[in-house]
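K.L.:
Dropping a structure here in structure tokens format, bear with me for questions.
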Amino acid sequence: MENKINALKCEKFKEFIHPMFMPILASKTTGKLHLIGSFPEDDNYLIVANHVCIEDIPTLGEAVKKHFYLLVSDEDKGTLDGLALELNGVEWVHRLDKESRKNAYENIVKILKKGKNFGMYPEATWNLSSNKFIMDMNYGCIKMALEAGKKIVPVVTYFSEKDRYTKIGKPLTPTSDLLQSISDLKDEMSTMYFELMNLYYEDEIKNGSNNVNVSEDGSYYENRADLPEDYWDRYVESKYDAYGRAKNDMDGVRSFESNFIFTPKGDAYEFFQEFNSIIRKDNNGNLIVKRISSEKNGFNGNTFGEVREKGSFGFGYNEDVLKRSLKR
């Protein structure tokens, strides 16, 4: 007998009460939602979204509007937020447990085959990197969509201090070339993120901001030299402050979450990681990490964690991968 999927328990009830959840979702977010595009109505899809902060899930729900089930790490299982997610329909996964990940994969495929929409965040942890629009993603989402015979709808959100900018992309058809498909998906999502950033800057100019510059190709940017030295530290802390588990142990959560940053296998990528991070020990055996920047005058600022702990790699890196290079 086939095991029942917990996420689908009382599925008709969950889908019935979904419209009542919309005002609750909106109350969990900050500022206005600027939405580009709409969720397609002709089929059900695997929704792939970027992962930035605690407001990701309510923002995704507000943007998509239609009911969808969701893959969520089980750290919040049993909390008030976790109970709310279960009322919507959630597939819990223990990220450190291979069997749990396998079961979640199989259940997601079954849910998609039943004609349900399903959402997930393949970055697997918040993207708090200071230089990556979208972090590298495992091609598991591509395999799920292929096995279920469904297309992928990318949804990307850019969060400003005041508002949220979300774009729902066009459905993408995955192929059996898993590496190429996940690369294409990341490129599409990165492009969407860049478009949303420019939309935000356009609004800033309309509102009289003097901190926005325009490049020769019409793109908008801010000079790092014009930003406060602790800008990124404060940005990261603001994200962590909004999430109880992280607020109480920022350094511990940073180190733990680093384990889930996907690192593609291959000498080329490992070389890139090491090339962009000078990793060595001083005469006293203390670990020294220096980030290399591609900017003309270099980057002399700090990323969160490096101020407090010299051995930190900051955000956007899998520490295990980088530390292994010290042993070679």
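K.L.:
Hey, rough spin-label estimate for residue 151 and residue 227, points 7 angstrom out along Cα→Cβ, what's it come to in nanometres?
P.N.:
3.6 nm
K.L.:
Note the full-extension length gain between residue 79 and residue 114 as 0.36 nm times their separation in residues minus their Cα-Cα distance, in nm to one decimal.
P.N.:
Gain on extension, residue 79 to residue 114, equals 9.7 nm.
K.L.:
Still on this model: Please give the FRET efficiency for residue 131 paired with residue 170, using the beta carbon to beta carbon distance and R0 = 35 Å, rounded to the nearest 0.05.
P.N.:
Plugging the Cβ-Cβ distance into 1/(1 + (r/R0)^6) gives 0.85.
K.L.:
Going by C-beta contacts inside 10 Å, put 57, 5, 108 in order with the fewest on the left.
P.N.:
Ranked by crowding around the Cβ, least crowded first: 5, 57, 108.
K.L.:
Here's a follow-up. Looking at the square roots a ≥ b ≥ c of the eigenvalues of the Cα gyration tensor of the range 158-256, which shape do they give, rounded for a/c under 1.5, prolate if a/b is larger than b/c, or oblate?
P.N.:
oblate
K.L.:
Treat every Asp and Glu Cβ in the range 41-85 as -1 and every Lys and Arg Cβ as +1, leave all other atoms uncharged, and give the resulting dipole magnitude about the Cα centre to the nearest 20 debye.
P.N.:
Roughly 80 debye for the range 41-85.
K.L.:
Work out, step by step, the length gained on full extension between residue 283 and residue 97: first 0.36 nm times the residue separation, then minus their alpha carbon distance; give nm to one decimal.
P.N.:
Going from the current span to full extension adds 63.0 nm.
K.L.:
When the chain is fully extended, how far beyond the present Cα-Cα distance does residue 106 get from residue 216, taking 0.36 nm per residue of separation?
P.N.:
Difference between extended and current length: 34.8 nm.
K.L.:
Right, here's the next one. Using the count of nearby Cβ atoms within 10 Å as a rough guide to exposure, how do 126, 232 rank from fewest to most?
P.N.:
232, 126
K.L.:
Take the cross-link list 113/239; 65/113; 14/151; 113/247; 65/102; 12/162 and give me the ones stretching past 31 Å between alpha-carbons.
P.N.:
From the list (113/239; 65/113; 14/151; 113/247; 65/102; 12/162), the Cα-Cα distance tops 31 Å for 113/239; 113/247; 12/162.
K.L.:
Between residue 190 and residue 12, what is the spin-label point distance in nm, taking each point 7 Å from the Cα along the Cα→C-beta axis?
P.N.:
Taking the two extended label points, one gets 4.7 nm.
Bear in mind these aren't lab numbers, they're just calculated from the coordinates by the rules spelled out. Note that the structure is a prediction, hence the values are computed from the model and not measured. Note: ideal-geometry Cβ built from the backbone for every residue, glycine included; neighbour counts use all protein chains shown.
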